[in-house]
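Undergrad: What follows is a structure written as structure tokens; I'll ask about it next.
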């Protein structure tokens, strides 16, 4: 399997990163899509991906860290994309959940990153917390829909609109929460060729251990719960989600 969204470059993994990667690989998770969240982390992620080829880097400017970005970072990101191995632009997008994040400034960085993805023919890894419609409108304005929304939590109506444009979606530990009935019904609605699975580790740990560090190996628990929701075998889910992830990030030609 492939974890479609995990922050292995996070400092919370500095003490045991390699051991946790091996634990996950021994359980069947072979590769990890790791999106950077700001230019200060680009070099670290690059170095990690060179040490361990299971780490597949993407580079972007996350809206959550808006106050750490400089407008000159757009050019730095562009230069980095031109000269380094990468599978996508991201993590980027919009976050309307956090009220003190300037929406106009978020939009500036997001629009710029859509254009960089378009220019470099790269997919986008998107954050769209409480902002699914705004993210969709941004993609529509740029006429660029080569994108995956991670940790998706939209409505059926929003989902139908996004699916029409071939956008992909990734789901994580929330699937394992028996109280997350909205997400469970949403996942049942999705066609299997649009879904990837993620941990978003070290964040978003599985129910009921929300305050603990999420681990890469937990992708197997997420996959098992997803299989039960879809009425499929675990092996079929592993095959289907791996195919979607490999195709979206063009990993077959890169391997």
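Undergrad: In the range 48-65, which residues are assigned to a loop (DSSP other than H, G, I, E, B) and more than 16 Å from residue 13 (Cα to Cα)?
TA: 53, 60, 61, 62
Undergrad: Give the residues of the range 96-108 that are closer than 25 Å to residue 43 by Cβ and touching a strand residue (DSSP E or B) at 6+ places or on another chain (Cβ under 7 Å), sorted by residue number.
TA: Matches in the range 96-108: 106 only.
Undergrad: Here is a list: 243, 185, 238. Which entry is in contact with a helix residue (DSSP H, G or I) (Cβ under 9 Å, 6 or more places away or on another chain) and in contact (Cβ under 8 Å) with a residue 60 or more places away in the chain?
TA: 238
Undergrad: Next up: Which of (1) farther than 21 Å from residue 147 by Cα; (2) assigned to a loop (DSSP other than H, G, I, E, B); (3) out of contact with any helix residue (DSSP H, G or I) (no Cβ under 6 Å at 6 or more places or on another chain); (4) in contact (Cβ under 8 Å) with a residue 60 or more places away in the chain does residue 71 not meet, given it meets every other one?
TA: (4)
Undergrad: Based on this model, can you work out whether residue 137 counts as in contact with a helix residue (DSSP H, G or I) (Cβ under 7 Å, 6 or more places away or on another chain) and surrounded by fewer than 23 Cβ atoms within 10 Å (Cβ to Cβ)?
TA: The answer is no for residue 137.
Undergrad: Here's another thing I want to ask about it. Considering only the range 192-209, state which residues are touching a helix residue (DSSP H, G or I) at 6+ places or on another chain (Cβ under 9 Å) and free of Cβ contacts under 8 Å to residues at least 60 places away in the same chain.
TA: 192, 193, 194, 195, 204, 205, 206, 207
Undergrad: I want to confirm something. Restricting to the range 1-47 and keeping residues that are free of Cβ contacts under 8 Å to residues at least 60 places away in the same chain and part of a loop (DSSP other than H, G, I, E, B), which single residue is surrounded by the most Cβ atoms within 10 Å (Cβ to Cβ)?
TA: Applying the filter and picking the extreme gives 36.
Undergrad: Kindly check whether there is at least one residue in the range 82-90 that is out of contact with any helix residue (DSSP H, G or I) (no Cβ under 9 Å at 6 or more places or on another chain) and closer than 18 Å to residue 36 by Cβ.
TA: Yes; the residues of the range 82-90 include at least one that is out of contact with any helix residue (DSSP H, G or I) (no Cβ under 9 Å at 6 or more places or on another chain) and closer than 18 Å to residue 36 by Cβ.
Undergrad: Do we have residue 92 as modelled with pLDDT of 95 or more, in contact with a strand residue (DSSP E or B) (Cβ under 6 Å, 6 or more places away or on another chain) and either surrounded by fewer than 23 Cβ atoms within 10 Å (Cβ to Cβ) or farther than 19 Å from residue 214 by Cα (or both) here?
TA: Answer is no for this residue.
The values are calculated or read from the model by the stated rules, or taken from the named source; none is laboratory data. Keep in mind it's a predicted model, so treat the numbers as computed, not measured. Heads up, the Cβs are rebuilt from the backbone with ideal geometry, glycines too, and the neighbour counts pull from every protein chain shown.
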